Amino acid sequence: MRNMPTLATALLDGLKAHGAREVFGIPGDFVLPFFKVIEESKILPHFTLSHEPAVGFAADAAARYHGGIGVAVVTYGAGAFNLVNSLAGAYAERSPVVAIAGAPGVQERASGYLLHHQVRTVDTQLAVFKEFTCDQAVLTDPATAPDEIARVLRSARELSLPVYVEFPRDMVNVRVGRVPNLPRRAADPEALAECAEEILGRVASAASPVAVVDVEIRRYGIEEQVAKLARKLGLPVVTTFMGRGLMEQAGDVVAGTYLGAAGDPAITRLVEEADLVLLLGVILSDTNFALSNRALDPRRTIIAAGREVQVGHHVYRNLPLADLIAGLDTRVKRQRPRPHRVGQGIAYPRGLPVDDRPIVPSDVAAAINDLFDRHGKMPMTSDIGDCLFTAMEIDNTALAAPGYYAGMGFGVPAGIGVAAIGLRPLILVGDGAFQMTGWELGNCRRYGFDPIVVLFNNCSWEMLRVFQPESEFNNLDDWHFADIANSLGGFGERVTTRRELAAALDRAVARRGQFSLLEIMLPRGVTSDTLSRFVAGFKAARERMAKS
């Protein structure tokens with residue numbers, strides 16, 4: 001027995017073996033024994049934040065960037081329920097986050113008392129988390145716990161979805177066997193062969209096919225393989241709105257980002273005039289396709305996502321995307337490249353005039369593109385709002401953002417999650433979202449993180465104003481965020497002109513060892529060019545639907 005690990009160390013070893021690189025969390029009474037093991041064992045580095053939603057956002061972003069699984073550790077009830085929104089966003093956007101909640105001990109559960117943090121029954125929390133996790137385990141039996149852990153961790157990896165582990169505090173030091181690493185469930189070879197041949201046949205007979213890629217190709221770590229396959233097939237590739245930042249290293253393959261009526265007309269034509277659209281890892285959401293001028297036609301569409309492939313009206317189930325791409329690659333012969341029909345690619349704004357004119361959102365995009373030209377690209381995180389639409393005008397670089405679920409507050413803690421894996425992120429966030437989670441920047445100093453935060457401050461919920469401009473509740477007060485950066489351990493400055501913006505970005509890149517908060521003052525009622533087109537397209541689409 002002495003050579004057997006405790007359940008806590010077995011869980012941490014299992015997480016590491018399944019691709020976890022760090023733990024994010026907030027201690028609480030029911031999870032204190034597990035946190036003690038996390039800290040003292042040093043099996044995985046751990047980072048504590050200030051509020052549980054940020055823990056979930058950080059774990060989500062870290063998983064999106066390093067391609068493994070994210071880990072969020074919280075206490076029972078008051079801690080776990082604060083995690084609900086960020087974990088729901090991870091589920092909606094297919095990010096494999098392992099939520100571990102400390103819980104009342106096995107004996108406590110049988111005491112007959114209502115336990116503090118308990119809502120209705122002791123299992124209410126489990127019932128809630130079942131709604132937005134793909135697998136769950138409650139570790140009450142030492143004999144079965146390692147296998148239960150292995151099962152949920154395999155589910156997280158294979159389905160690229162969150163899972164839930166409830167860890168009673170009196171089980172932490174129980175001796176158990178090691179967590180096995182279960183074999184990956186691969187596709188049926190005959191089904192894979194039939195599916196691949198059908199797809200290749202359709203691609204070969206198409207005159208103007210196009211591939212559209214989305215988040216799953218990063219979740220499964222197959223961006224390079226998709227780029228290689230696209231080159232072999234001579235396929236132009238575009239990303240979805242949600243997939244912005246994918247395949248940033250494959251500039252010769254990616255033509256741009258498809259935004260329908262809100263996007264570059266050449267990219268829109270490339271997708272909507274194609275006689276075959278190959279959707280790889282794509283979430284069929286309104287964010288990605290609400291502004292399409294032409295609805296997807298099953299007869300000219302192939303959809304591979306969620307371990308399922310639909311070719312026209314044929315459906316192949318239990319066929320992992322990675323297996324499909326590998327199967328296509330082994331069977332395809334290099335085809336003659338087809339004309340992309342998109343000219344020389346997207347001309348993102350740059351060359352910001354260095355003058356004393358006020359700043360508008362698209363100026364921020366131009367200034368960042370100029371910055372990347374001078375200093376190299378940076379990984380990015382973005383919150384929802386016009387900052388994310390502005391990101392569509394920035395060169396294609398790695399980006400994590402809540403493009404579909406659209407939960408506010410993601411940007412800053414997501415940037416901390418990216419910093420925790422050893423990168424220096426550029427964070428885009430609006431003043432409304434910063435009010436929610438921007439204070440997490442105060443945790444950067446003790447970990448030595450130095451992100452650059454570009455804060456869009458128009459003293460407004462501007463994303464809401466564009467849809468309902470008459471409402472005064474869209475107005476926010478001016479909180480002078482730059483002034484509080486120093487008290488949080490960083491450096492802040494407010495900029496109001498294009499000249500000040502360019503200079504402040506250069507200073508921020510050179511400043512190391514503390515976060516830089518650039519508070520960009522923007523006029524109310526002015527949005528990025530991309531958001532203006534999106535709103536116009538959305539309203540037009542809504543009018544078409546009302547008339548039909």
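The values are calculated or read from the model by the stated rules, or taken from the named source; none is laboratory data. What you see is a predicted model, and the numbers here were worked out from it, not measured in a lab. Cβ coordinates were reconstructed from backbone atoms using ideal geometry, including for glycine residues, and neighbour counts include every protein chain displayed.
Restricting the search to the stretch 435-478, which residues are loosely packed, with under 13 Cβ neighbours inside 10 Å and acidic (Asp, Glu)? Within the stretch 435-478, GLU470, GLU472, ASP477, ASP478 meet the criteria. Using the structure shown, decide if GLU108 is in a helix (DSSP H, G or I), of a type outside the set (Gly, Ala, Ser) and farther than 27 Å from GLY281 by Cβ. For GLU108, the condition - in a helix (DSSP H, G or I), of a type outside the set (Gly, Ala, Ser) and farther than 27 Å from GLY281 by Cβ - is met. Taken over the stretch 206-217, the residue count meeting the criterion of being under 26 Å from the mean Cα position of the chain (by Cα) and outside any loop (DSSP other than H, G, I, E, B) is 6. The single residue among GLY102, GLY56, GLY79, GLY68 that is under 11 Å from GLU22 (Cα atoms) and not β-branched (Val, Ile, Thr) turns out to be GLY68. Here ARG94 clears all of (1) of a type outside the set (A, V, I, L, M, F, W, C); (2) modelled with pLDDT of 80 or more; (3) on the phi < 0 side of the Ramachandran plot except the condition numbered (3).
I need the strands (runs of 3 or more DSSP E) fully contained in the stretch 255-332, keeping only those with at least 1 residues that are of a type outside the set (Gly, Ala, Ser), closer than 30 Å to VAL535 by Cβ and out of contact with any Gly (no Cβ under 8 Å at 6 or more places or on another chain).
Values: elements: 276-280, 301-305, 308-311, 314-317.
Because the criterion is at least 1 residues that are of a type outside the set (Gly, Ala, Ser), closer than 30 Å to VAL535 by Cβ and out of contact with any Gly (no Cβ under 8 Å at 6 or more places or on another chain), the strands (runs of 3 or more DSSP E) in the stretch 255-332 that meet it are 276-280, 301-305.
Just one of the listed residues (THR437, THR397, THR390) is out of contact with any Cys (no Cβ under 8 Å at 6 or more places or on another chain) and closer than 14 Å to ASP60 by Cβ, namely THR437. Applying the set (1) over 26 Å from MET247 (Cβ atoms); (2) surrounded by 24 or more Cβ atoms within 10 Å (Cβ to Cβ) to GLY89 leaves exactly one unmet item: (1). Each residue in the stretch 367-401 was checked for being surrounded by fewer than 24 Cβ atoms within 10 Å (Cβ to Cβ), without any contact (Cβ under 8 Å) to a residue 60 or more places away in the chain and under 27 Å from SER86 (Cα atoms), and 0 pass. Taking the criterion of being surrounded by fewer than 21 Cβ atoms within 10 Å (Cβ to Cβ) and either within 27 Å of PRO349 (Cβ to Cβ) or outside the structural domain of LEU229 (by TED's automatic domain parsing) (or both), the residues of the stretch 264-284 that qualify are PRO265, ALA266, ARG269, GLU272, GLU273. Figure legend. Inter-residue proximity from the stretch 123-149: first residues touching a residue at least 60 places away in the same chain (Cβ under 8 Å), second residues of a type in the set (A, V, I, L, M) and assigned to a helix (DSSP H, G or I), beta-carbon distance below 7 Å, spacing 6+ or different chains. Indicated pairs: LEU139/LEU7; LEU139/ALA145; LEU139/MET171; PRO142/LEU7; ALA145/LEU7; PRO146/ALA10; ILE149/LEU11.
Of all residues being of a type in the set (S, T, N, Q) and not in a helix (DSSP H, G or I) in the stretch 164-205, which is farthest from VAL138 (Cα to Cα)? Just the residue, please. Break it down into steps so the answer makes sense when it comes.
First, pick out the residues of the stretch 164-205 that are of a type in the set (S, T, N, Q): 173, 181, 205.
Narrowing further to those that are not in a helix (DSSP H, G or I): 173, 181.
Numbers: ASN173: 16, ASN181: 19 Å.
Only one residue tops the list, namely ASN181.
You will find that of ALA99, ALA156, the residue that is in a strand (DSSP E or B), surrounded by 15 or more Cβ atoms within 10 Å (Cβ to Cβ) and on the phi < 0 side of the Ramachandran plot is ALA99 and no other.
Surrounded by 15 or more Cβ atoms within 10 Å (Cβ to Cβ), charged (D, E, K, R) and not in a strand (DSSP E or B): does that describe ARG512? Walk me through it before giving the result.
Details: surrounded by 15 or more Cβ atoms within 10 Å (Cβ to Cβ): no; charged (D, E, K, R): yes; not in a strand (DSSP E or B): yes.
No.
Once the stretch 218-236 is narrowed to residues that are of a type in the set (Gly, Ala, Ser) and in a loop (DSSP other than H, G, I, E, B), the residue that is surrounded by the fewest Cβ atoms within 10 Å (Cβ to Cβ) is GLY221.
Give GLY422, GLY415, GLY407 a once-over and let me know the one that is over 16 Å from THR530 (Cα atoms), free of Cβ contacts under 8 Å to residues at least 12 places away in the same chain and within 21 Å of the chain's Cα centre (by Cα). Spell out the reasoning first.
Details: GLY415 fails: free of Cβ contacts under 8 Å to residues at least 12 places away in the same chain; GLY407 fails: free of Cβ contacts under 8 Å to residues at least 12 places away in the same chain.
After ruling out the rest, the residue left standing is GLY422.
This table checks each residue for (1) within 25 Å of ALA367 (Cβ to Cβ); (2) assigned by TED's automatic domain parsing to the domain that holds LEU83; (3) in a loop (DSSP other than H, G, I, E, B); (4) modelled with pLDDT of 95 or more.
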position	(1), (2), (3), (4)
ARG424	yes, no, yes, yes
ILE427	yes, no, no, yes
PHE434	yes, no, no, yes
TRP439	no, no, no, yes
ASP450	yes, no, yes, yes
PHE456	yes, no, no, yes
MET463	yes, no, no, no
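Residues in the stretch 121-153 that are over 27 Å from the mean Cα position of the chain (by Cα), surrounded by fewer than 18 Cβ atoms within 10 Å (Cβ to Cβ) and in a helix (DSSP H, G or I): THR124, ASP147. Scanning the stretch 355-366 for residues that are crowded, with 22+ Cβ neighbours inside 10 Å and either of a type in the set (D, E, K, R) or within 15 Å of GLY432 (Cβ to Cβ) (or both) yields PRO361, ASP363.
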